[in-house]
Amino acid sequence: MKQKALLLCFALLLFGNGPALAGPGSEVHEFELDNGMKVLVRPDTRAPVVSSMVWYRVGSSHEHGGITGISHALEHMMFKGTEEYPAGEFSRIIAELGGRENAFTSRDYTAYFQQLAARHLDRALELEADRMQNLALPEDEFIQEMRVVREERRLRTEDNPNALTREHFNATAWLNSPYGIPVIGWMVDIDEYTVADLRDWYDRWYAPNNAILVVVGDVDPDEVHEMARARFGDIPARDLPQVKSRTETRQLGERRITVKAPARVPQLLMGYKVPVLLTAEESWEPYALLVAAGVLDGGESARIPRELERERELVASAGVSYTPFSRLDNLFMVRATPSADADRDQVEQALIEALERLKDEPIRESELERVKAQVVARDVYRRDSIQGQAMQLGMLESVGLSWEEGERFAERVRAVTAEQVQEVARRYFDPDQRTVAWLDPQPIDPDDPPTYFEGHLR
């Protein structure tokens, strides 16, 4: 309780009318190089370290059939060297400087990051600028790394029944939205990649005018701007592909699937198509959906853990998720693992009833205020590290929002009313817009060995 109280006080100081803090929440400095590369810098002087990230506005939602997962495959190959810095040199140099580095791919972006002493920032930018324009893509490294990608897919998806269910759920929920594509790609496509495919993807999207440099830490913004201009400024801009909207076809009734896979327990996934900040008719709707998610699953006192887990003992675990920060419409997701003796239909109906209550009964003011405070506090906690701050700045800019949306987050959440939560529930929790997936556990073969492989999962 003490920790929660301190966190809420921190939220009020950071986002309320209290004194400004030196660190999280300090001013963001925005620059743009002549070649179109955006640079965002937020000073945080609490420690002599820096988080440096290069974000490319390309991910699995930019892909098409036949090359699904290629953004993720290219992310792997970005560590396999240039003429000046052969395979392994990038990681070796950052480690030698006492830092750490990695990367990740999502639906809407691919990002590369280093965390290291602030005095070594220029060296990290030099390495990133080199691989932005000089990636070698050697055939032998490609063959080996695609083995790693295939084993990563087996380990994280095909041998993981919950992940496998989620993948099939997404492919069922979305007809023509690219959000039905798994970020790692379908195995049949991974098997068919060529070096030429990756070279083409690199040449299309890895350009300074499709990139954002985010630096947070113990730095001077003007000095970072000069470093960025020196390292990236001479890289020529490119003509970028036109990104089609690929608006999802309206769903005409509930969709339902069963996934049969070796597993110990069943799992339920249920999702409703909902707008995000970039697609909502009303700017308050995504924030009302965030609060609705908090009412259902915002800590131990929220409705689902309190009523369905502890009081009725219908579920062993359950949760709700929604993010308004994506390029295209998203899903308001409910997941649950039934208790050992619970009836599956009863579990599903209980979760639907929890959603229906949001339509029928206005939220009490005390509950609404508690949930809003928790939503804001979680955001504060994420932003308390330099990596968390850099992540938020880069993610918002990469999906097409402004980093300033993050600065308005607490204000927008606090403005949500009980009537608005009720309205979005009525508008979007439509049974005809619902997709349901059940994992039906199949016997686990005791003779089937676990998957082991050599390689670096990124």
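The values are calculated or read from the model by the stated rules, or taken from the named source; none is laboratory data. In this text the structure is predicted, and so the values were computed from the model without any measurement. Counting neighbours? That spans all protein chains shown, and the Cβs are built from the backbone with ideal geometry, glycine included. Just so you know, the surface numbers come from the protein's heavy atoms only, side chains and all, with ligands and any DNA or RNA stripped out. Shrake-Rupley method; radii C 1.70, N 1.55, O 1.52, S 1.80 Å.
The figures follow:
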item: Enumeration of residues in segment 73-107 that are open to solvent by 10 Å² or more (accessible area, probe 1.4 Å) and under 20 Å from Glu167 (Cβ atoms); result: Phe104, Thr105, Ser106, Arg107
item: Pairs with Cβ under 6 Å, 6+ apart, first in segment 90-107 and under 24 Å from Val183 (Cβ atoms) and without any contact (Cβ under 8 Å) to a residue 24 or more places away in the chain, second acidic (Asp, Glu) and outside any strand (DSSP E or B); result: none
item: Candidates Leu277, Leu268, Leu296, filtered to the one that is in a helix (DSSP H, G or I) and at pLDDT 95 or above; result: Leu296
item: Tally, over segment 276-292, of residues that are out of contact with any Gly (no Cβ under 9 Å at 6 or more places or on another chain) and open to solvent by less than 10 Å² (accessible area, probe 1.4 Å); result: 7
item: Breaking point among (1) of a type outside the set (A, V, I, L, M, F, W, C); (2) part of a loop (DSSP other than H, G, I, E, B); (3) open to solvent by 30 Å² or more (accessible area, probe 1.4 Å), for Pro324; result: (3)
item: The lone exception for Asp189 - which of (1) at pLDDT 95 or above; (2) open to solvent by 70 Å² or more (accessible area, probe 1.4 Å) it fails; result: (2)
item: Filter result for the condition that a residue is modelled with pLDDT under 95, under 24 Å from the mean Cα position of the chain (by Cα) and surrounded by fewer than 20 Cβ atoms within 10 Å (Cβ to Cβ), over Leu21, Leu7, Leu12; result: Leu7
item: Residue pairs meeting the criteria (Cβ under 6 Å; at least 6 apart or on separate chains; first closer than 15 Å to Val41 by Cβ, in segment 225-242; second small (Gly, Ala, Ser) and open to solvent by less than 100 Å² (accessible area, probe 1.4 Å)); result: Arg231/Ala129; Phe232/Ala129
item: Qualifying position, being of a type in the set (Val, Ile, Thr), closer than 30 Å to Gln267 by Cα and open to solvent by less than 10 Å² (accessible area, probe 1.4 Å), among Val215, Val148; result: Val148
item: Filter result for Ala263 (more than 30 Å from Phe31 (Cα to Cα), modelled with pLDDT under 95 and aliphatic (A, V, I, L, M)); result: no
item: Number of the exception - Val259 against (1) of a type in the set (A, V, I, L, M, F, W, C); (2) open to solvent by less than 20 Å² (accessible area, probe 1.4 Å); (3) within 26 Å of Phe79 (Cβ to Cβ); result: (3)
item: Number of positions in segment 57-66 that are surrounded by 23 or more Cβ atoms within 10 Å (Cβ to Cβ) and either touching an Asp or Glu at 6+ places or on another chain (Cβ under 7 Å) or not β-branched (Val, Ile, Thr) (or both); result: 3
item: Members of segment 263-274 that are open to solvent by 10 Å² or more (accessible area, probe 1.4 Å) and either touching a helix residue (DSSP H, G or I) at 6+ places or on another chain (Cβ under 8 Å) or under 15 Å from Ser326 (Cβ atoms) (or both); result: Ala263, Pro266, Gln267, Lys273
item: Check on Arg246, surrounded by 14 or more Cβ atoms within 10 Å (Cβ to Cβ) and not in a strand (DSSP E or B); result: yes
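Each row is one residue, and each column tells you yes or no for (1) in contact with a strand residue (DSSP E or B) (Cβ under 7 Å, 6 or more places away or on another chain); (2) more than 28 Å from Met391 (Cβ to Cβ); (3) touching a residue at least 24 places away in the same chain (Cβ under 8 Å).
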{"residue": "Leu268", "(1), (2), (3)": "yes, yes, yes"}
{"residue": "Gly298", "(1), (2), (3)": "no, no, yes"}
{"residue": "Arg303", "(1), (2), (3)": "no, yes, yes"}
{"residue": "Ser317", "(1), (2), (3)": "yes, no, no"}
{"residue": "Ser326", "(1), (2), (3)": "no, no, yes"}
{"residue": "Ile363", "(1), (2), (3)": "no, yes, yes"}
